[in-house]
1. Going through the stretch 148-185 one residue at a time, which ones are within 13 Å of the ligand (Cβ to nearest atom), within 22 Å of residue 127 (Cβ to Cβ) and in contact with a helix residue (DSSP H, G or I) (Cβ under 6 Å, 6 or more places away or on another chain)?
2. Just give me the residues in the stretch 164-187 being surrounded by fewer than 17 Cβ atoms within 10 Å (Cβ to Cβ), over 18 Å from residue 147 (Cα atoms) and not polar (S, T, N, Q), in sequence order.
3. Kindly evaluate residue 269 against the criterion of being loosely packed, with under 15 Cβ neighbours inside 10 Å and more than 23 Å from residue 110 (Cα to Cα).
4. Which of the residues spanning the stretch 10-42 are more than 16 Å from the ligand (Cβ to nearest atom) and over 24 Å from residue 155 (Cα atoms)?
5. If we keep just the residues of the stretch 43-64 that are in a loop (DSSP other than H, G, I, E, B) and away from the ligand (no atom under 15 Å from the Cβ), which is modelled with the lowest pLDDT?
6. Could you please let me know if residue 241 is within 12 Å of the ligand (Cβ to nearest atom), buried (at least 18 other Cβ atoms within 10 Å of the Cβ) and either part of a loop (DSSP other than H, G, I, E, B) or of a type in the set (Gly, Ala, Ser) (or both)?
7. List the residue pairs whose Cβ atoms are under 8 Å apart, where the first residue sits in the stretch 134-156 and is in contact (Cβ under 8 Å) with a residue 12 or more places away in the chain, the second is part of a loop (DSSP other than H, G, I, E, B) and within 10 Å of the ligand (Cβ to nearest atom), and the two are 6 or more positions apart or on different chains.
8. Condition test on residue 193, is it without any contact (Cβ under 8 Å) to a residue 60 or more places away in the chain, farther than 29 Å from residue 101 by Cβ and surrounded by fewer than 18 Cβ atoms within 10 Å (Cβ to Cβ)?
Amino acid sequence: MLKSFEEDLGRVSFDVEPMKFKHKLIGHPSLSLENLAKVLPELPKHQVMYSKALNDLGINFDRAHIDHKNGMCLVETIESIKINPSYIAVKNPENHPTFKTLFHDMESDLTKLVQMKKKGTKAKDAMFWLFIASPNAQTPFHFDRYSNFLMQFRGSKEIAVFPPLDQRVISAEDYEAYIDQTEKRPAWKPEIDHLAQKFHFDVGEALHIPFSSGHYVKNGPEDVSISLSVFFHTDETIKLSNAMRVNHRLRRRMNKFGLAPSEVCKSSRRTAFKAHILPMANLDGGVMSRFL
Ligand SMILES: [Fe+2]
């Protein structure tokens with residue numbers, strides 16, 4: 001039996017399709033707005049990013065705290081978030097003692113899931129991201145570099161999740177550039193909206209967002225939203241990420257000759273090979289491009 005989720009997650013089509021189910025953490029004291037108002041100012045400043053509430057799916061989500069400041073300090077932002085439209089994103093809150101047990105329980109559940117789905121021996125590089133946002137705030141279109149389970153603790157949302165590794169949604173170049181830690185972000189294209197699965201998301205619910213699935217979120221109008229994501233890697237997502245990094249470093253060199261590296265995909269032997277040679281990728285792209 002899992003500690004954080006209501007079922008064993010056997011029916012999750014892991015990293016293939018999004019799926020909604022229930023979590024067991026409703027009312028967890030660490031995730032009340034009152035506790036967060038005490039805890040967040042104790043975290044290192046660079047872990048707590050906040051901005052105006054966003055209302056455009058095309059905004060660069062990673063730069064919102066720089067480009068769309070709300071003019072308030074963190075304490076004012078938390079205290080007035082129901083009436084002053086704002087958005088707070090917290091990286092690695094598990095570093096604070098209030099989240100330690102919650103994080104370890106979650107990590108242990110995810111390792112059971114990874115083993116059950118035969119994706120490796122454990123959930124790797126797990127981390128929390130916490131989101132607190134005003135009614136009607138939006139999370140712009142983006143994708144994450146990890147597999148993801150999102151859980152709702154207060155308020156509600158509408159969430160759109162796009163198919164993973166789908167070049168109608170995000171180009172191979174954009175996937176590779178973002179995975180390789182560049183500033184480039186995939187653009188929002190309203191004409192692809194019909195490709196998304198859309199979920200109404202309420203307190204007590206959890207949603208699996210597959211690795212590399214584009215997504216966006218619109219908060220409900222009735223209350224502040226508090227949600228928690230757990231990001232993690234499997235052996236498979238590490239392999240795909242490393243192959244994408246190799247492709248990104250090769251693509252510019254190969255483009256000069258009218259060539260492009262082969263596409264990264266789960267079952268390809270070339271993808272597995274590229275993942276193994278990542279350390280060489282900066283050494284001699286010209287030589288490597290003959291084989292890739
Ligand atoms: Fe996300």
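The values are calculated or read from the model by the stated rules, or taken from the named source; none is laboratory data. Being a predicted model, the structure only gives us computed values, none of them experimental. Cβ coordinates were reconstructed from backbone atoms using ideal geometry, including for glycine residues, and neighbour counts include every protein chain displayed.
1. Matches in the stretch 148-185: none.
2. Here is the first cut: in the stretch 164-187, the ones surrounded by fewer than 17 Cβ atoms within 10 Å (Cβ to Cβ) are 166-168, 171, 181-184, 187.
Narrowing the set further to residues that are over 18 Å from residue 147 (Cα atoms) leaves 167-168, 171, 182-184, 187.
Listed by number, the residues that qualify are 168, 183, 184, 187.
3. Values: loosely packed, with under 15 Cβ neighbours inside 10 Å: yes; more than 23 Å from residue 110 (Cα to Cα): yes.
Yes, satisfied.
4. Within the stretch 10-42, 10, 11, 12, 13, 14, 16, 17, 42 meet the criteria.
5. Quick first cut of the stretch 43-64, residues in a loop (DSSP other than H, G, I, E, B) only: 43-44, 53-60.
So of that shortlist, the ones also away from the ligand (no atom under 15 Å from the Cβ) come out as 43-44, 53, 55-56, 58.
On the way: 43: 97, 44: 96, 53: 93, 55: 87, 56: 90, 58: 91.
Filtering the stretch 43-64 for residues that are in a loop (DSSP other than H, G, I, E, B) and away from the ligand (no atom under 15 Å from the Cβ), the one modelled with the lowest pLDDT comes out as 55.
6. Values: within 12 Å of the ligand (Cβ to nearest atom): no; buried (at least 18 other Cβ atoms within 10 Å of the Cβ): yes; either part of a loop (DSSP other than H, G, I, E, B) or of a type in the set (Gly, Ala, Ser) (or both): yes.
Here the answer is no, as residue 241 does not meet what is asked.
7. Taking only residues 6 or more apart or on different chains, the pairs are 141/214; 142/214; 143/213; 143/214.
8. Numbers: without any contact (Cβ under 8 Å) to a residue 60 or more places away in the chain: yes; farther than 29 Å from residue 101 by Cβ: yes; surrounded by fewer than 18 Cβ atoms within 10 Å (Cβ to Cβ): yes.
Yes: the conditions hold for residue 193.
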